[in-house]
Amino acid sequence: MNRFKPQEILNWAREVLEIEAEGILGLKGNLNGDFLKAAGIMSVCKGKIVVIGMGKTGIIGQKFSATLSSTGTSSFWLHAAEAVHGDLGRIEAEDVAVVLSYSGETEEIKNLIPFIRQIGAKMVAITGNTNSSLARYADGVINVKIDKEACPLGLAPTTSTTATLAACDCLSVILQKVKGFKEKDFAFFHPRGSLGRKLLLKVKDIMRKGKFSSIVNENTMVKEVLVKITSAHAGAASVVDKKGVLVGIFTDGDLRRNLERHRNLLKKRIGDVMTKNPVVVRDYDLASEALKILETRKIDEVPVVDKDYKPLGMLDVQDLIAAGII
């Protein structure tokens, strides 16, 4: 690349982006009754969406199928060449075959059409040629015709595959909205992702408990409570009555406030200087909901209680950070 000027290279890159952006925006004019018909066929599918393609467009199809599956529409990818060697058996009458072919005349694609018809599955074509064999036999057609490829030779699929990908994304989002697919559903299919952690992780999974959670009786002296908080490497202690029911919390903030009021604070009962009726969370609450409570109340820790209001542990903002919730 040394023989080319940096500005020349940057201009080439900008030109590609401009051509592909124009190609995508040009699809807006194709959002008509044909598009609605094709989307409607997919939305009422009782089986699976079978995405079929070849070559570069086929790779776009793989991404499309993966997006559908992760957003609530069951789908699988089928290679057009492999289909005629036994994989056709994967298609059933209740499925919808979404066939991607920019020319609509790819030999492997045309060979599949009569077999898909015989199986009884509906067929949606995503193509740049609405007069092609594929388009003529399809139940619904989505037009992704573009004016020019970004490839300087006009040969390598560039703008056409980008436009096809954009059209597939449109369909994915539409189906997601039609099905009422929510964040919690997305998290269910992505349990190992950051969103899955945020939406599925419960307080009990990350709270501090046992030796890392200080629980003291309301008659305990402040001095003893501070020792327990320190040994637990915590920032607060849950305070309970003689029945073990939570009645308060004692935090670093309580300590600072009471140091100004009481000279003999260390000899005071914790029940006299604690914060009564503190905010709490349940062990089965979602960690994401606990975060909202901490943020809304502007507090750093909160006791975790069971159904009888007995403390099980303590949740600190640092626990949420460590779990990737924040």
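The values are calculated or read from the model by the stated rules, or taken from the named source; none is laboratory data. From a predicted model like this one, the values you see are computed outputs, not experimental measurements. Please note: Cβ atoms are built from the backbone with ideal geometry, for glycine as well, and neighbour counts cover all protein chains shown.
If you check Ile59 against the conditions, is it within 27 Å of the chain's Cα centre (by Cα) and either under 30 Å from Asp87 (Cα atoms) or outside any helix (DSSP H, G or I) (or both)? So that I can check it myself, show each step before the final result.
Working: within 27 Å of the chain's Cα centre (by Cα): yes; either under 30 Å from Asp87 (Cα atoms) or outside any helix (DSSP H, G or I) (or both): yes.
In short, yes.
Residue check: is Val98 of a type outside the set (Gly, Ala, Ser) and under 18 Å from Val173 (Cα atoms)?
Numbers: of a type outside the set (Gly, Ala, Ser): yes; under 18 Å from Val173 (Cα atoms): yes.
Yes: the conditions hold for Val98.
Of the conditions (1) within 43 Å of the chain's Cα centre (by Cα); (2) surrounded by 13 or more Cβ atoms within 10 Å (Cβ to Cβ), Arg269 fails just one. Which one is it?
Every condition holds for Arg269 apart from (1).
Could you tell me whether any residue of the range 272-282 is over 17 Å from Thr230 (Cα atoms), without any contact (Cβ under 8 Å) to a residue 12 or more places away in the chain, of a type outside the set (A, V, I, L, M, F, W, C) and touching a strand residue (DSSP E or B) at 6+ places or on another chain (Cβ under 9 Å)?
Checked the range 272-282: no residue is over 17 Å from Thr230 (Cα atoms), without any contact (Cβ under 8 Å) to a residue 12 or more places away in the chain, of a type outside the set (A, V, I, L, M, F, W, C) and touching a strand residue (DSSP E or B) at 6+ places or on another chain (Cβ under 9 Å).
Determine which single condition Ser43 fails, assuming it passes every other condition in (1) touching a residue at least 12 places away in the same chain (Cβ under 8 Å); (2) farther than 25 Å from His79 by Cα; (3) of a type outside the set (A, V, I, L, M, F, W, C).
(2)
Would you check if Ala166 is part of a helix (DSSP H, G or I), among the small types (Gly, Ala, Ser) and modelled with pLDDT of 65 or more? Steps first, answer last, please.
Working: part of a helix (DSSP H, G or I): yes; among the small types (Gly, Ala, Ser): yes; modelled with pLDDT of 65 or more: yes.
Taking the combined requirement at face value, the residue satisfies it.
Every residue in the range 89-105 that is within 35 Å of the chain's Cα centre (by Cα) and closer than 15 Å to Thr127 by Cα, please. Show your work before the answer.
As a first pass, look at the range 89-105 and keep what is within 35 Å of the chain's Cα centre (by Cα): 89-104.
Once the filter is applied, which keeps residues that are within 35 Å of the chain's Cα centre (by Cα) and closer than 15 Å to Thr127 by Cα, the range 89-105 yields Ala97, Val98, Val99, Leu100, Ser101, Tyr102, Ser103, Gly104.
Results for (1) more than 20 Å from Asp252 (Cα to Cα); (2) in contact (Cβ under 8 Å) with a residue 12 or more places away in the chain; (3) assigned to a loop (DSSP other than H, G, I, E, B), shown as yes or no for each residue.
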residue	(1), (2), (3)
Tyr284	yes, yes, yes
Ser288	yes, yes, no
Lys292	yes, no, no
Thr296	no, no, no
Ile299	no, yes, yes
Val302	no, yes, no
Leu315	no, yes, no
Ile325	yes, yes, yes
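Do we have Ala81 as within 20 Å of Thr159 (Cα to Cα), assigned to a helix (DSSP H, G or I), more than 26 Å from the chain's Cα centre (by Cα) and in the same structural domain as Val141 (by TED's automatic domain parsing) here? Quick ask: steps written out before the conclusion?
Numbers: within 20 Å of Thr159 (Cα to Cα): no; assigned to a helix (DSSP H, G or I): yes; more than 26 Å from the chain's Cα centre (by Cα): yes; in the same structural domain as Val141 (by TED's automatic domain parsing): yes.
Taking the combined requirement at face value, the residue does not satisfy it.
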